[in-house]
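Derivation of every value follows stated rules applied to the coordinates shown; laboratory data play no part. Just so it is clear, the model here is predicted, and its values are computed rather than measured. For neighbour counting, all protein chains shown are included, and Cβ atoms are generated from backbone atoms with ideal geometry for every residue, glycine included.
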Amino acid sequence: MEKFSFLSNKEFRKLVEGLTGSFTVYGTVRKDARLSAAGDGFPAYGRISCFEDLVLGLTPTHLSAKEFLFPQRETLLKFDIEKMTHAAVVEAVDQVIIGLHPCDIHAVGLMDRVFAYGKPDVNYLARRAKTVIIGTDCMPDRFCFCKSVDTMNVDAGFDIFLHRVKGVEPPQGAGPPQNGFLVRTATDRGKTILSKYAKAKKASLKQLDEIAAFEKKREDSFTAHIDAPAGQLPEIYSKSDESPVWERIGAICYGCGSCNNVCPTCYCFDVKDEMKSNLNEGERVRVWDGCTLEDFAKVTGGHNFRRTRSDRLRHRFNRKFNYLTGRFGALFCVGCGRCSRTCLVQINISEVTNELIREYNAKKRQ
Amino acid sequence: MNSYGNTMPKSGSSSSYLPVPLLIERVARLTEKERLFKLSANGRAFTFDPGQFFMAGLPGYGEAPFSIASGSGKAAEADGSFELCIKAVGNLTNAIHRLKKGDTLWVRGPFGRGFDVNGSSPLRGMKGRDILFIAGGIGIVPMRGLIKTILGDRESFGALTLVYGFKDPEGILFAGEMEDWKASGMAALLTVDKPAPGLSPLKGWKGHVGVVTTVIPGLEINPSKTVAVIIGPPVMYRFAIKSLWDKNIARDDIYLSLERRMKCGVGKCGHCQIGGIYACQEGPVFKLSELKDMPDAL
Ligand SMILES: Cc1cc2nc3c(=O)[nH]c(=O)nc-3n(C[C@H](O)[C@H](O)[C@H](O)COP(=O)(O)OP(=O)(O)OC[C@H]3O[C@@H](n4cnc5c(N)ncnc54)[C@H](O)[C@@H]3O)c2cc1C
Ligand code: SF4
Ligand code: SF4
C-alpha cells in the first residue's frame, strides 16, 4: 500500500524553498503570456528560482522535461589540437525537476533503459543519478491517451509524488480551508528530502477519498484513446508497412521534426565538432536529431534509406509502438499527446494508430 | 520501470565517446581517392572479427565508421596493428587523407558484429563451406579483411570465389594483393560497370564489362555448400540477392554488411536503426534471414 501523508500549501512552499536553496530546480511554469490565447501563458518547464515561479499545471507542457537529463546540446569531449589531448566531459549537478506527470515519469524510465542498455552512457546516467523527480497529478486534455498505453499511473520512477487536495477544514473549524497535497515517496532520497525541508502530517480519510474521486474523474475524462489493447500494438504495427495511411500523412507532413523534439522518449542525436575561434580548442557535442528530418538516414554517396516523409513517419511511429518493444520490454509512446499537440498539420498519433487498428481488424476478418 | 537506483553509472565506467590516439605507421596511396592507413596498436590488444568497424576521427572534423581492412585470427598482425582504407568523400575523410606517417588518428572500437568465420555466434559459421564473395566499390575493404582471415586458414574452407565490381578500371583496389589471393587458391572475377554512353572509363580494360549481377549467372555454384557474402553500395544488394536466389542459395546462407549513418557506435544515437535492430550493434553483418519484415533494410 502506498503511504500518503499530507503537506499543507505552507509546508509545500517550505519544501520548494528548501530545494531552491540547495539544488538547481526546474519545474512547470507559464511562458509567453502575451502569445497565449487566454493570456496566462503556455505550460512549459523552466528554471525555478523562487516558489512563485512554479505553476503546477494540470495539462501537459508543450516540451517535455527530457532536456534536463538529455540536453539539446551537450558536450561529450573537449579537445586541444596542439596539445593532442581529448578529455571526456561528464557534467552533472544536483537538480530537482518538479511537476512531471505520470506519463513523463514513465518516459524518464524508458530513457533510463535506453542509456543504461549495452555500454552505459555515463553522460546521461550521471545526470540522472543526481536528479530528484517530483511528480504531480494531472487531468487529460483532448490529446492525452496515457490510459490506453498503461502509463496513467506510477508507483516508481519518482522520488516524491504530489496529489492536490483542497477544502480540508482546519482543526478548530475556523479559518479558510487548508489546501495542499497528499504526498507519497518512492525512494529513500524522496523521504529524506521531504522530512528535511517540510513537515508532513498524517493524511485523513477524507483527503484519501478526495484524491480517489479526482482519479476517478480523471479516468473518465479521456477523449483520446487507442482502440486496441496496448500489448497488441507491436503486432498491429508490424503488419502495417503497406498501409495507405503512411502515404496520406507523408503527403501533408512538413518533415519539420517538431514531433521528435517535443517527445519525451525521442532520444536520437547527432554528434559533431565545434571549434573555438582560436581554431585549436574545441568540443565534440551531441545535439538532438530527429528521424523525421530528411538527412537522418542518408549515407555518403547520397543514398537515403528513408527518402520520403512517409518512410520517415512510418519509422517514427514504429519506433514508438513496435521497433523498440522487443529490446526494452515496453511501448515507447507514453501517450502524452505532445507530438499531436504540436504538429502543424494535425497528424495525430492516436488517430493514426486507430486507423491502423481498423485496417488490421478488417484484414483479419477477411 | 527503473528507479534511478538501477541506472547509476557503475563505478569505473567511462565515457563511451573518448577515443584513443593511434599512430599512423604507414600510408599507402591506392588510387586517387583511396588510401590505406596502417595504425599501430600502441600496446593495446585490439581483437576483432572481419566486418567489424572502428569509429575514427580527427578533432575538429568529427568521426565516422570505417571497416577493418585487416585479417584476423591467423591472419592478424602479431603486433596488433591493423589497417583502415579510407575513401576521400567529404570533410572528415579529406582531412584524414592529409595525414602522414607519424601522425595520429583518434579511434574508438572495434564495434559491431562481424562475420562469424568460426561459427561461434548464432550465425551459422563459414568453415567447411564454399564461399562466394561479392564486392562492389569500397565494399572490397571489409571484404579484404574477411578474405585475408579465410585465406589465413585456407584448408578449413571449400572453393573460394570473389566477384568484384567497380566503376572505373583505375579505381580497382588491392589489385596487386589479388594476385596473392589467387595464388592462395581463390578465384577472382573482376568486372567494370558498363560506361554511360559518351563516357569511356574503360581505359584499356580487357576484362568483363557489366555490373556484378551479370557475372553471377555464369558461376558454377553448389547451393547446399555455398555461403555468399555481399558488400557494396546500397543499390547493389537487391539485385545481387535476386541473382543468388536464382542460384537457389538460401536466405540463411547469404551474409550482408549494411552501411548506415552512425554517430555513436554504441547503440544510442538511433541513426543506424533498421526495424528493431541497430546496425552498429547487431550488425553491420547480417544474414539475409535476419532482415525479414524490415521495409528499409535493403
Ligand atoms: C559500418 C561502416 C563501415 C564503413 N567503412 C568504410 C571504409 O572502410 N572506408 C570508407 O572510406 N568509408 C567507410 N564507410 C563510410 C564512411 O563512414 C563515410 O564515408 C564517412 O562518414 C564520410 O565522412 P565525411 O565527413 O568525409 O563525409 P561527408 O560527405 O562530409 O559527410 C557528410 C555528412 O554525412 C555524414 N555521414 C555520411 N555517411 C555517414 C555514415 N555512414 N556514418 C556517419 N555519418 C555519415 C557525415 O558525418 C557528415 O555529417 C563506412 C560506413 C559504415 C556505416
Ligand atoms: S510535427 Fe507533424 S509536420 Fe512536423 S515532422 Fe512531425 S508529423 Fe511531420
Ligand atoms: S510519440 Fe507522441 S504521444 Fe507518444 S510519447 Fe512521444 S510525444 Fe508523447
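Which of A:141, B:130, A:295, A:121 comes first, and how do the rest follow, when ranked by fewest Cβ neighbours within 10 Å? The partial results should precede the final answer.
Working: A:141 15, B:130 20, A:295 11, A:121 30.
Result, fewest neighbours first: A:295, A:141, B:130, A:121.
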With 0.36 nm assigned to each residue of separation and the Cα-Cα distance removed, residue A:276 to residue A:166 gains 34.2 nm
Treat every Asp and Glu Cβ in the stretch A:5-365 as -1 and every Lys and Arg Cβ as +1, leave all other atoms uncharged, and give the resulting dipole magnitude about the Cα centre to the nearest 20 debye. 380 debye
Can you tell me the 0 to 90 degree angle between the C-alpha axis of helix B:236-245 and the longest principal axis of chain B, rounded to 10? 60 degrees
Calculate the spin-label point distance for residue A:155 paired with residue A:22, positioning each point 7 Å from the Cα along the beta-carbon direction, and give it in nanometres. 2.9 nm
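What number comes out for the charge environment of residue A:46, summing +1 per Lys or Arg and -1 per Asp or Glu over other residues with Cβ under 10 Å away? Each step should come with its number before you reach the end.
Details: positive: A:30, A:31, A:47; negative: A:53.
Spelling it out: positives minus negatives among the neighbours equals +2.
Normalised by the residues of chain B, what does the relative contact order come to in percent, with Cα pairs under 8 Å and at least six apart? Spell out each step's value before the answer.
Numbers: 594 pairs, mean separation 49.9, N = 298.
The value is 17 percent.
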So, for the Cα atoms of chain A, Rg and Dmax in Å stand at 22.5, 78
Which residues in the stretch A:123-142 have a backbone N closer than 14 Å to a point placed 7 Å from the Cα of residue A:9 along the Cα-to-Cβ line? none
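At a Förster distance of 30 Å, what's the computed FRET efficiency of residue A:84 paired with residue B:32, Cβ-Cβ distance as r, to 0.05?
Numbers: r = 29 Å, r/R0 = 0.98.
After rounding, the FRET efficiency stands at 0.55.
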Virtual spin-label span in nm between residue A:294 and residue B:94, 7 Å along Cα→Cβ: 2.1 nm
Out of B:113, B:44, B:35, any idea which swings most in a Gaussian network model of chain B, alpha carbons joined below 10 Å? B:44
Listed residue (A:98, B:189, A:145) projecting farthest to the positive dipole end of the protein assembly as shown, Cβ model: A:98
Can you put B:29, A:164, B:144 in order, fewest other beta carbons within 10 Å first? B:29, A:164, B:144
What distance in nm lies between label points placed 7 Å from Cα along the C-beta direction at residue A:73 and residue B:103? 2.8 nm
What is the P(r) of the stretch A:106-240, as percent of Cα-Cα pairs per 10 Å bin from 0? 10, 28, 31, 22, 7, 2, 0
22 Å Cα-Cα threshold exceeded, pairs from A:239/B:242; B:33/B:100; B:38/B:268; A:272/B:268; B:87/B:263: A:239/B:242; B:38/B:268
Just need the relative contact order of chain A here, percent rounded to a whole number, with Cα pairs under 8 Å and 6+ apart. 21 percent
Please report, in whole Å, how far the alpha carbons of the protein assembly as shown spread along each principal axis, starting with the longest. 103, 68, 46
Radius of gyration and Dmax for the stretch B:130-297's Cα atoms, expressed in Å? 16.4, 48
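With all pairs of different alpha carbon atoms counted, what Kirkwood hydrodynamic radius in Å does chain B show? Working shown, then result.
On the way: mean 1/r = 0.0498 Å⁻¹.
In chain B this quantity evaluates to 20.1 Å.
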For the stretch B:20-111, what's the radius of gyration and Dmax over Cα atoms, in angstrom? 12.1, 37
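Gain in length, residue A:363 to residue A:225, computed as 0.36 nm per residue apart minus the alpha-carbon separation, to one decimal in nm?
Values: separation 138, 0.36 × 138 = 49.68 nm, distance 2.15 nm.
Working it through step by step, the gained length comes to 47.5 nm.
From Cα pairs below 8 angstrom and at least 6 apart in sequence, can you work out the relative contact order of the stretch B:130-297, rounded to a whole percent?
Values: 263 pairs, mean separation 34.7, N = 168.
RCO, the stretch B:130-297: 21 percent.
Please report A:225, A:163 as a ranked list, fewest other C-beta atoms within 10 angstrom at the top and most at the bottom.
Values: A:225 16, A:163 23.
Final ranking by Cβ density, sparse to dense: A:225, A:163.
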Quote the charge dipole size of the protein assembly as shown about the Cα centre in Debye, to the nearest 20; the model charges only the Cβ of Lys and Arg (+1) and of Asp and Glu (-1). 360 debye
